[in-house]
Amino acid sequence: MSRQDPGSTIWFTLSIDGESLGYFNGCEGLSSQVEIEQRQEGGNNGFVWQLPTRVSFSTIRLTRPLTPDTTKVAKWISSLQTGIKRPTAQIAALRADGLEVARWGLIDVLPVSWTGPTLDPANPAVATEVLEITHHGFTD
C-alpha cells in the first residue's frame, strides 16, 4: 500500500473550453455564499424559516511564476476586444507527483484582471503574475 501525504505540495491547472492556460502554484477564492431570508411562521412563535435566496461566487485569484504560458493568458484577455464570450473553465488541483486531487468546473468565466511581474533590478525576486477570474457558478 502506497502512502499518500495530504500535506504534499499542490499546484493547479486552468483550462478554458479545453485549452490549457498552464500551471499555477496558488489558487484562492473557490467559494460560494448563499444568502438566507428569514420568514416567521404565523402561529408558531418559536420557529423561524431559513430560506435560501441567492447564491454568489467570489472572484478566483490564480498566481504563478512567470512562464511561457503567460502568452496564453494574454491571448485570452485580448480576445475580449472582439466580443465577449463566457466559456466554461476547469481548475484541477494536482499533487506533486501529478495526480489529480480535485477538479472544479466553472460556468461563464470571464477574466477580471491580470497583473504582471514587477521587473526591478534593485529588488531581485521571482517574477510572478496574478490572474483573477469571475464566474457564474460551479458545474460537474
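Looking at (1) modelled with pLDDT of 95 or more; (2) closer than 17 Å to TRP11 by Cα; (3) open to solvent by 60 Å² or more (accessible area, probe 1.4 Å), which is the only condition VAL130 fails?
Against the list (1) modelled with pLDDT of 95 or more; (2) closer than 17 Å to TRP11 by Cα; (3) open to solvent by 60 Å² or more (accessible area, probe 1.4 Å), VAL130 comes up short only on (3).
For a quick check of your reading of the model, give me the residue pairs whose first member lies in the range 115-140 and is within 13 Å of GLY29 (Cα to Cα), whose second is exposed (fewer than 12 other Cβ atoms within 10 Å of the Cβ) and of a type in the set (Lys, Arg), with beta-carbon atoms closer than 7 Å and at least 6 apart or on different chains.
Between residues of the range 115-140 that are within 13 Å of GLY29 (Cα to Cα) and residues that are exposed (fewer than 12 other Cβ atoms within 10 Å of the Cβ) and of a type in the set (Lys, Arg), there is no close pair.
Taking the range 80-99, which residues are more than 14 Å from PHE24 (Cα to Cα) and not polar (S, T, N, Q)? Reasoning before the result, please.
Of the residues in the range 80-99, the ones more than 14 Å from PHE24 (Cα to Cα) are 80-89, 97, 99.
If the condition is that a residue be more than 14 Å from PHE24 (Cα to Cα) and not polar (S, T, N, Q), then LEU80, GLY83, ILE84, LYS85, ARG86, PRO87, ALA89, ASP97, LEU99 are the ones that fit.
Name the residue that is farthest from the chain's Cα centre (by Cα), counting only residues in the range 35-49 that are open to solvent by less than 100 Å² (accessible area, probe 1.4 Å) and without any contact (Cβ under 8 Å) to a residue 12 or more places away in the chain.
Going through the qualifying residues, I end up with GLY43.
Considering only residues that are surrounded by 15 or more Cβ atoms within 10 Å (Cβ to Cβ) and closer than 10 Å to THR59 by Cα, which ones fall in the range 111-127?
The answer is PRO111, and nothing else.
Might you let me know whether the range 35-46 holds any residue that is within 24 Å of THR9 (Cβ to Cβ) and in a strand (DSSP E or B)?
Scanning the range 35-46 turns up no residue that is within 24 Å of THR9 (Cβ to Cβ) and in a strand (DSSP E or B).
With the requirement that a residue be surrounded by 13 or more Cβ atoms within 10 Å (Cβ to Cβ) and under 19 Å from GLU19 (Cα atoms), what does the range 50-73 give you?
Answer for the range 50-73, where residues must be surrounded by 13 or more Cβ atoms within 10 Å (Cβ to Cβ) and under 19 Å from GLU19 (Cα atoms): ILE60, ARG61, LEU62, THR63, ARG64, LEU66, THR67, ASP69, THR70, LYS72, VAL73.
State whether one or more residues within the range 26-34 are open to solvent by 90 Å² or more (accessible area, probe 1.4 Å), closer than 22 Å to ALA127 by Cβ and either among the acidic types (Asp, Glu) or part of a loop (DSSP other than H, G, I, E, B) (or both).
Scanning the range 26-34, I find at least one residue that is open to solvent by 90 Å² or more (accessible area, probe 1.4 Å), closer than 22 Å to ALA127 by Cβ and either among the acidic types (Asp, Glu) or part of a loop (DSSP other than H, G, I, E, B) (or both), so the answer is yes.
Quick one: in the range 85-114, of everything that is hydrophobic (A, V, I, L, M, F, W, C), touching a residue at least 60 places away in the same chain (Cβ under 8 Å) and not in a strand (DSSP E or B), which residue is farthest from THR13 (Cα to Cα)?
My answer is VAL109.
Return only the number of the condition from (1) surrounded by 12 or more Cβ atoms within 10 Å (Cβ to Cβ); (2) at positive phi that GLY105 does not satisfy.
The number of the failed condition is (2).
Filter the range 82-102 down to residues that are modelled with pLDDT of 90 or more, open to solvent by 80 Å² or more (accessible area, probe 1.4 Å) and farther than 17 Å from GLY18 by Cβ, then give me how many there are.
2
The values are calculated or read from the model by the stated rules, or taken from the named source; none is laboratory data. Computed from a prediction, not measured in an experiment: that's the story for all the values here. Ideal geometry is used to build each Cβ from the backbone, glycine not excepted, and the neighbour counts take in all protein chains shown. Accessible surface areas use protein heavy atoms only, side chains included; no ligands, DNA or RNA. Shrake-Rupley method; radii C 1.70, N 1.55, O 1.52, S 1.80 Å.
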